[in-house]
Amino acid sequence: LDIRRKSHEMLSVFGGKIPHCQTLFAGGVATILSLDRIIAFKSRLSEIRAFIDSTYLPDVLAIASLYPDYFKIGKGVGNFISYGGFPVDEQKNKFFAPGVYIDGSLKNFDEKKISEYVKFSKYSSGSGLYPLNGDTVPDANKQGAYSWIKAPRYDNKVAEVGPLARAIVTYMKGSDSNYKALIDSALNALGIAPDALVSTMGRHAARALELKLLTDKMDQWLDEMDPSGPVHNKFDIPRVSEGMGLTEAARGSLGHWIAIDNWKIKNYQAVVPTTWNGGPRDDNDNMGPYEQALMGAPVEDTKNPIELGRIIRSFDPCLACAVHIMEGDREVLKLRVC
């Protein structure tokens, strides 16, 4: 808990507060970069890195060796997506490599192949639409629907996102030698093959290994920050336009799409990591990643199905991110998080 608190302090150094930092806005940030802020962040980072190296990563590997059966359950769909995240050079190469691993083949990522289905979601919106063309019209009493999450698909395929997806894509691409070496070292220590990572325990291992690499890289990124540079670029809101933002968040691939008409937001759609992982069946009755991961899982005690809880928690779910419904009128607005 102390390390978690200090991690939040790191975010607040540049973000003002956490969660829901308020310094990010179109064109840049509202935080003035200073040497004091960099030092404040870096001092906490040093302690976080020490905790990961001495406690978190060793603990995860120790637990993995004690519960090897969890490398055999919760495998799920076996398809993975990474949008790519954290540019590292002028050529736009990224620390998290973009790509898709679908049906055993590694391919380049194409955002135009993303669509959302709602046959089993509690919305009356159109189904199978690209997010920018999508709509979100709630229908709480929709016949047959059982989820408030939509069902995103890539090229009509079910896919998982998150630390495991990033590890699989980066490992298969071989785009980061340090990433591959660390994964190979963990696999050797545990005596398992790479495909064993596609599992409940594999998700935890991938998350821990990723944090090790990411916090090591942060030191370099901090040294590259220039306090004398601008923190905001001036811009003009266009009368008509559309765009998107794609990145890798902690839980996985995150996308926002926006359309502007007459200087106002005409449509705004978000597909967050838990939308990808926690979504229901699609229009072809293909189950979502959570659902597929639960199939065939052994349950020792039906009154306390702890195995099922462990499988779902390995995805690090966040329903508050995936579902937001606003209802009301101009006078009264109520936000219901489901």
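The values are calculated or read from the model by the stated rules, or taken from the named source; none is laboratory data. This structure is a prediction, so every number in the text was calculated from the model and none was measured. A quick note on method: Cβ atoms are made from the backbone with ideal geometry, for glycine too, and the neighbour counts reach across all protein chains shown. The accessibility values were calculated without ligands, DNA or RNA, using every heavy atom of the protein model including side chains. Shrake-Rupley method; radii C 1.70, N 1.55, O 1.52, S 1.80 Å.
Each Lys and Arg contributes +1 and each Asp and Glu -1, all at the Cβ; summed about the Cα centre of the chain, the dipole is approximately 460 debye.
Under the combined filter of DSSP loop state and at most 16 neighbouring Cβ atoms within 10 Å, the range 30-80 retains these trypsin sites (Lys or Arg not before Pro): K72. Heavy-atom accessible area with a 1.4 Å probe sorts S43, S12, S125, largest first, into S43, S12, S125. Of the residues M10, M218, the one with the largest accessible area comes first in the ranking M218, M10, computed with a 1.4 Å probe on protein heavy atoms. When the residues H256, H20 are ordered by accessible surface, computed with a 1.4 Å probe over the protein chains alone, the sequence from largest down reads H20, H256.
Contact order, relative form, for the chain: 20 percent (alpha carbon pairs under 8 Å, 6 or more residues apart, mean separation divided by residue count). Hand me the GluC sites (Glu not before Pro) from the range 65-152 located in a DSSP loop with no more than 15 other Cβ atoms within 10 Å, in residue order please. Filter output for the range 65-152: E90. Between H20 and A249, the modelled labels are 1.4 nm apart [label points 7 Å from Cα along Cα→Cβ].
Among the protein heavy atoms, those of V231 account for about 50 Å² of accessible surface (1.4 Å probe, every chain in place).
For the range 1-72, the relative contact order comes to 27 percent (Cα pairs under 8 Å, sequence separation of at least 6).
For Y56, the accessible surface of its heavy atoms amounts to roughly 60 Å² (probe 1.4 Å, protein chains only, rounded to the nearest 10). Each residue of the range 65-82 is assigned a 3J(HN,Hα), and the resulting list reads 6, 7, 10, x, 5, 7, 7, 10, 10, x, 5, x, 6, x, 9, 9, 10, 9 Hz, derived from the Karplus form 6.51 cos²θ - 1.76 cosθ + 1.60 (θ = phi - 60°), x at Gly and Pro. Remark: the range 201-210, residue by residue, has Karplus-estimated 3J(HN,Hα) of 5, x, 5, 5, 5, 4, 5, 5, 5, 4 Hz, where x stands for each Gly or Pro and the curve is 6.51 cos²θ - 1.76 cosθ + 1.60 at θ = phi - 60°. Once both labels are positioned 7 Å from their Cα atoms along Cα-to-Cβ, the gap between L187 and I265 label points is 4.3 nm. Could you tell me the distance between the Cα centroids of the range 1-54 and the range 178-208, to the nearest Å? Comparing the Cα centres of the range 1-54 and the range 178-208, I get a distance of 28 Å.
Near Y179, once Lys and Arg are set to +1 and Asp and Glu to -1 for all other residues with Cβ below 15 Å from its Cβ, the sum equals +2.
Between the residues Y130, F80, S65, the greatest Cα displacement towards the positive end of the dipole of the range 1-149, with unit charges on the Cβ of Lys, Arg, Asp and Glu, is found for Y130.
For F41, the solvent-accessible surface computed with a 1.4 Å probe is close to 30 Å², ligands and nucleic acids excluded.
With a ≥ b ≥ c taken as the square roots of the eigenvalues of the C-alpha gyration tensor of the range 118-220, please select rounded if a/c is under 1.5 and otherwise prolate if a/b is larger than b/c or oblate if it is not? Taking the square roots of the gyration eigenvalues as a ≥ b ≥ c, the range 118-220 is prolate.
If I take R0 = 30 Å and measure r between the Cβ atoms of H232 and H256 in this structure, what FRET efficiency does the formula 1/(1 + (r/R0)^6) give, to the nearest 0.05? FRET efficiency, H232 to H256: 0.90.
The E300 and E90 beta-carbon pair, evaluated with R₀ = 45 Å, returns a calculated FRET efficiency of approximately 0.25. Estimated from helices alone, the mean residue ellipticity of the chain at 222 nm is -10500 deg cm²/dmol (sum of -39500 (n - 2.57) over DSSP H runs with n ≥ 4, per residue). For the range 207-309, applying the loop criterion from DSSP together with a ceiling of 12 other beta carbons within 10 Å to the GluC sites (Glu not before Pro) yields E300.
Taking a threshold of 25 Å on the Cα-Cα distance, which of the pairs K92/K264; K75/K303; K94/K150; K94/K180; K92/K150; K72/K113 fall above it? The answer is K92/K264; K94/K150; K92/K150; K72/K113.
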